[in-house]
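The values are calculated or read from the model by the stated rules, or taken from the named source; none is laboratory data. Computed from a predicted structure; not experimentally measured. Glycine gets a Cβ as well: all are built from the backbone with ideal geometry, and neighbour counts include every protein chain shown.
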Protein chains: 2
Amino acid sequence: MRYELYYWPEIQGRGEFVRLALEEGGADYVDVARRRGYGVDAMKRLMAGPRVKRPPYAPPFLKAGKLVIAQTAMILHYLGPRLHLVPRRDADRLWALQLQLTIVDLVKEIHDTHHPISSALYYEDQRPAAKRYTREFWRQRVPKMLGYFEHVLEQSGGPHVFGRRLCYVDLSLFQVVDGLRYAFPRRMGRFEKKVPRLVALHDRVTERPRIAAYLQSERRIPFNEWGIFRAYRALDS
Amino acid sequence: MRYELYYWPEIQGRGEFVRLALEEGGADYVDVARRRGYGVDAMKRLMAGPRVKRPPYAPPFLKAGKLVIAQTAMILHYLGPRLHLVPRRDADRLWALQLQLTIVDLVKEIHDTHHPISSALYYEDQRPAAKRYTREFWRQRVPKMLGYFEHVLEQSGGPHVFGRRLCYVDLSLFQVVDGLRYAFPRRMGRFEKKVPRLVALHDRVTERPRIAAYLQSERRIPFNEWGIFRAYRALDS
C-alpha cells in the first residue's frame, strides 16, 4: 500500500509525528503537498470539495486506499499495527493511543506558548500574553506533563513506553524533546535533568538507522519559526 | 458489565461527554467520585498509585473490568460499539473518532476563553487576555469549527452525523451547543442562525427519552462557573 500524507509543506508541525512513523516503519509513502506542481491545492480539494462526503477538518491527514484519516493520533493509531509500531493486543493499542492523545494535548500547549490569544494574529501582536503563558507553561505544565511521561517510562521499565519494544509513541516523545530543545534551549537545558528517561529515549531514537537517515535527509524539514516549536529568545529566559 | 466512571464530582466538564453516552446507551455504571464517603480519593489512587502500571494522565477515565481507559474521545471510541452508539464498520468507527477528536479540540478552545494564560491562575487574574481570546474565538474559531460540523451534517443528509442513526458524536454536539448557550447566551443567540442543522440536532437529542430523563435527574450536574462552559458576562458582549 502506498500511503499519501497531506500536510503543509513548509513545516514539521503536526505532520512530523506521522512522518517519523512512516519513516521508521519503512512505509511506501508520498508527502503530497511537498511535490512540485501538485502540492497544497490537492490537499485543499480533499478538505472542502463538494464531493468529499467525509471531509477532514484540517491537515495532517492520510490517504490509505479509499480511506481518508485525519487527526494525528488517529493516523498513528491506524498506522501502528500496519507498520509494526505498536503491539497487537487491543489493550496495548488503546494504551498507545491514550498516551498519544496526551502528547497531542501537550503539543497544543507548546503551540500556545507563542500564540496564546489566537492563531489568526501574529506572534508580535500577542507577545506579552505569550511571555506570561510561557512562564506558567514551564512552571506548571512542563513538570506535570513531561513528569507524567517520565513516570510512564519508569513504570514500563524502559527504555520505551512498552519496555524493550519501540512504538510510535516513543517516536513522538523524541520529537517533543527535540522540539523543546530547539524552541527553549536554555529552559530545556535546565529542565532535562528531571526527566533522564525521556532524554535517554530521545537519544536512543536518534540512533535508529532509519530515523538517523531520515534526520540527515532533505525529507526532514528543519525547525523554523512557522511551526509548533519556535525559537523566540523573548520566551526562553 | 458495570462501568465505573471517574471524574470530578462538582462539574460536567469533560466527563459529561461520557455521561451522556452512558445514559443514552442505558449502561450500568457508577459515577465513582460522586458517591459519598468514597469519591475523589479513589480516583486519585488510580491515577498515581505506585502499583498502577499504566496510570491515566487525568480524569475522566473509565474502568471496564481490568481495563482503565482515559481521554474522553478514546473512552467514547471504546464504549461506542458496546453501547450501540456507533456503526460497526471500521471506517465508520474511525470517522466517529475523528469527529470526536475535533470536538475535543473545540472543547479545549472553549475552556481557554476564560483561561487563556493558565489553568493554574484565577480567571480574574487573566481577564483582559480572556476578553481578547474570546473575541477572536467568536470571530475566527466558532464560525470555522461549528461551520465544519454544520457541513458534516449537510454531507450526511442529517439529522445525525451518520444520517438517520444516532451516534455518540451527536450527543457531544448536543453538549457543545447546550454549553455555548449557557456560557454565551447573547453571542450564541446571534450565531445560531448560521448553523441550523446543529441546532436541530441539539433539539432532537434533548427529546430522546433517556436523555430527557437524564437532564431532569440529579445525575445531571447543573452548569456552573468551575467547568468548561462558564457564564461570565464580561465575555459575552
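Key figures
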{"read-out": "Residue check, A:Val205 crowded, with 18+ Cβ neighbours inside 10 Å, assigned by TED's automatic domain parsing to the domain that holds A:Val169 and more than 17 Å from the chain's Cα centre (by Cα)", "value": "no"}
{"read-out": "Residues located in region A:91-103, provided they are at the interface with chain B (Cβ under 8 Å from one of its Cβ atoms) and not hydroxyl-bearing (Ser, Thr, Tyr)", "value": "A:Ala91, A:Leu94, A:Trp95, A:Leu97, A:Gln98, A:Leu101"}
{"read-out": "Test for B:Leu101: is it assigned by TED's automatic domain parsing to the domain that holds B:Leu198, free of Cβ contacts under 8 Å to residues at least 40 places away in the same chain and either assigned to a helix (DSSP H, G or I) or within 30 Å of A:Ala64 (Cα to Cα) (or both)", "value": "yes"}
{"read-out": "Test: residue in region A:180-200 that is of a type outside the set (D, E, K, R), touching a His at 6+ places or on another chain (Cβ under 6 Å) and modelled with pLDDT of 95 or more", "value": "no"}
{"read-out": "Those residues of region A:119-152 which are among the polar types (S, T, N, Q) and buried (at least 21 other Cβ atoms within 10 Å of the Cβ), in sequence order", "value": "A:Gln126, A:Thr134"}
{"read-out": "Test: residue in region B:55-65 that is touching a His at 6+ places or on another chain (Cβ under 8 Å), outside the structural domain of B:Glu225 (by TED's automatic domain parsing) and not small (Gly, Ala, Ser)", "value": "yes"}
{"read-out": "Of residues in region A:112-122 being polar (S, T, N, Q) and either over 18 Å from A:Gly13 (Cβ atoms) or not in a helix (DSSP H, G or I) (or both), the one nearest to the other protein chains (Cβ to nearest Cβ)", "value": "A:Ser118"}
{"read-out": "Yes/no for B:Gly157 being in contact with a strand residue (DSSP E or B) (Cβ under 9 Å, 6 or more places away or on another chain), outside the structural domain of B:Leu22 (by TED's automatic domain parsing) and on the phi > 0 side of the Ramachandran plot", "value": "yes"}
{"read-out": "Helices (runs of 4 or more DSSP H) enclosed by region A:123-234 - at least 1 residues per element that are acidic (Asp, Glu) and away from chain B (no Cβ under 14 Å)", "value": "A:168-183, A:196-206"}
